[in-house]
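S.K.: Shown below is the structure under consideration.
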Amino acid sequence: MSTETVELQKKILEVFIEVKKICDKHNIRYFAVGGTCIGAARHKGFIPWDDDLDIAVPINDLDKLIELCKKELPEPYRVFNCMEHVHNPNPIFKVHNTQTTFIEKFELNYPDDYKGIFIDIFPLIGIPSDDAKSKKYYRKLRILTALNDKWHYKLSECPGKKGMLLWILTCPLRPFLSKTYWSDKLYKNYKKYDFDSCKYTSYTWFPRDYKTKAPKEWFESCVELPFEETKMRCPSGYDGFLTLQFGNYMQLPPESERQCHDNGGLVDLYKPFSYYAKKKQEN
């Protein structure tokens, strides 16, 4: 594990701790998901080569959390609402450190989308019990996700035949619809089924029913696992949930696969992203 990864993880953890304070103060439910949950269960902290932190919040609570974060986060932490940024295709929320820089490869040409080191906050949504209804719902979410993804970029930036075709098909609509049309529509659909009334749930990183449709009882309570110098709330059914998604998650992957995400952009722990945005706009 490189020194750079360790220092990045420390900065990410600082962001999480501030969000955790607000959640704990206001009884906002949240759960570690993905690699963050694996890290808590397997490493008592970050996966050593991981460079992000993901939590999921029930959709019923998410708007409240975002508003609380806007009011109560201390400087230099702020909410990064992806749906309010023209060139960000991800309809999720982030909280970031505005005195740092974390620019992903696909964002390099769009200074309006630059951000600091962050944590991701995913909606945890309700899923119908009926298999036919849930498959239809997932299919709709996948379509909206794809439409939203291609909506933000130029044709030359949409890789693959499917991406280019989708861009061309939606091109006639561009003069009439806002840049956030599809992300707004997607977020609205996340609220279609009430989380607390459903027997199944899913978080929205990749809408695949066979990977993420889980009994909601796994998320009706939590267990706090050690995570670096703090505690991480994981779903009480984290073992079943992680097994559903990843199989034998306690087994370390081959060394060749122990890599951080291929950011390919720009990370700076000491300069604010506004510095790089200004430089980009001046060029």
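S.K.: Where the second residue is open to solvent by less than 80 Å² (accessible area, probe 1.4 Å) and part of a loop (DSSP other than H, G, I, E, B) and the first is among the charged types (D, E, K, R) and lies in segment 164-183, which pairs have Cβ atoms under 8 Å and are six or more apart or on separate chains?
M.R.: Correct list of pairs: 179/86; 179/152.
S.K.: Here is a follow-up. Restricting the first residue to segment 238-259 and requiring it to be among the polar types (S, T, N, Q), which pairs with a second residue that is in a loop (DSSP other than H, G, I, E, B) and surrounded by 12 or more Cβ atoms within 10 Å (Cβ to Cβ) meet a Cβ separation below 7 Å and a spacing of at least six or different chains?
M.R.: From residues that are among the polar types (S, T, N, Q), the pairs are 243/249; 259/49.
S.K.: Next question, about the same structure. Among the candidates 36, 3, single out the residue that is polar (S, T, N, Q) and closer than 26 Å to residue 250 by Cβ.
M.R.: That would be 36, the only listed residue that is polar (S, T, N, Q) and closer than 26 Å to residue 250 by Cβ.
S.K.: Can I ask one more? Against the condition among the basic types (Lys, Arg), modelled with pLDDT of 95 or more and open to solvent by 70 Å² or more (accessible area, probe 1.4 Å), how does residue 231 come out, does it pass? First the steps, then the outcome.
M.R.: Details: among the basic types (Lys, Arg): yes; modelled with pLDDT of 95 or more: yes; open to solvent by 70 Å² or more (accessible area, probe 1.4 Å): yes.
Against the criterion (among the basic types (Lys, Arg), modelled with pLDDT of 95 or more and open to solvent by 70 Å² or more (accessible area, probe 1.4 Å)), residue 231 qualifies.
S.K.: Can you tell me which residue within segment 99-109, out of those that are open to solvent by 10 Å² or more (accessible area, probe 1.4 Å) and not basic (Lys, Arg), is modelled with the lowest pLDDT?
M.R.: 106
S.K.: Name the pairs whose Cβ atoms lie under 7 Å apart, with the first residue in segment 8-33 and under 22 Å from residue 115 (Cα atoms) and of a type outside the set (Ser, Thr, Tyr), the second open to solvent by 50 Å² or more (accessible area, probe 1.4 Å) and assigned to a helix (DSSP H, G or I), and 6 or more positions between them or separate chains?
M.R.: 22/72
S.K.: Take segment 53-72 and flag every residue that is more than 17 Å from residue 91 (Cα to Cα) and in contact (Cβ under 8 Å) with a residue 12 or more places away in the chain.
M.R.: Residues of segment 53-72 more than 17 Å from residue 91 (Cα to Cα): 68-72.
Matches in segment 53-72: 68, 69, 72.
S.K.: Another question, then. Which members of segment 71-109 meet the condition of being of a type in the set (D, E, K, R) and assigned to a strand (DSSP E or B)?
M.R.: Step one: of segment 71-109, the residues of a type in the set (D, E, K, R) are 71-72, 75, 78, 84, 94, 104-105, 107.
If the condition is that a residue be of a type in the set (D, E, K, R) and assigned to a strand (DSSP E or B), then 78, 94 are the ones that fit.
S.K.: Would you mind finding the one in 155, 173, 165, 141 that is in contact with a Pro (Cβ under 6 Å, 6 or more places away or on another chain) and either open to solvent by 50 Å² or more (accessible area, probe 1.4 Å) or closer than 25 Å to residue 57 by Cβ (or both)?
M.R.: Values: 155 fails: in contact with a Pro (Cβ under 6 Å, 6 or more places away or on another chain); 173 fails: in contact with a Pro (Cβ under 6 Å, 6 or more places away or on another chain); 165 fails: in contact with a Pro (Cβ under 6 Å, 6 or more places away or on another chain).
After ruling out the rest, the residue left standing is 141.
S.K.: Tell me, which residue of segment 22-57 that is within 20 Å of residue 102 (Cβ to Cβ) and among the aromatic types (Phe, Trp, Tyr) is most open to solvent (accessible area, probe 1.4 Å)?
M.R.: 49
S.K.: Does residue 112 qualify as being within 30 Å of residue 281 (Cα to Cα), open to solvent by 10 Å² or more (accessible area, probe 1.4 Å) and outside any helix (DSSP H, G or I)? It would help to see each step written out before you state the result.
M.R.: Numbers: within 30 Å of residue 281 (Cα to Cα): yes; open to solvent by 10 Å² or more (accessible area, probe 1.4 Å): yes; outside any helix (DSSP H, G or I): no.
It is false that residue 112 is within 30 Å of residue 281 (Cα to Cα), open to solvent by 10 Å² or more (accessible area, probe 1.4 Å) and outside any helix (DSSP H, G or I).
Let's see how each residue does on (1) outside any helix (DSSP H, G or I); (2) closer than 30 Å to residue 21 by Cα; (3) in contact with a Lys or Arg (Cβ under 6 Å, 6 or more places away or on another chain):
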site: 148; (1), (2), (3): no, no, no
site: 168; (1), (2), (3): no, no, no
site: 184; (1), (2), (3): no, yes, no
site: 188; (1), (2), (3): no, yes, no
site: 196; (1), (2), (3): no, yes, no
site: 218; (1), (2), (3): no, yes, no
site: 249; (1), (2), (3): yes, yes, no
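S.K.: So how many residues does segment 62-91 have that are open to solvent by less than 10 Å² (accessible area, probe 1.4 Å) and of a type in the set (A, V, I, L, M, F, W, C)?
M.R.: Residues flagged as open to solvent by less than 10 Å² (accessible area, probe 1.4 Å) and of a type in the set (A, V, I, L, M, F, W, C) within segment 62-91 amount to 6.
The values are calculated or read from the model by the stated rules, or taken from the named source; none is laboratory data. None of the values given here were measured: they were computed from a predicted structure. Virtual Cβ from ideal backbone geometry, glycine too; neighbours counted across all protein chains shown. Protein only, heavy atoms only, side chains kept; ligands, DNA and RNA dropped before computing areas. Shrake-Rupley method; radii C 1.70, N 1.55, O 1.52, S 1.80 Å.
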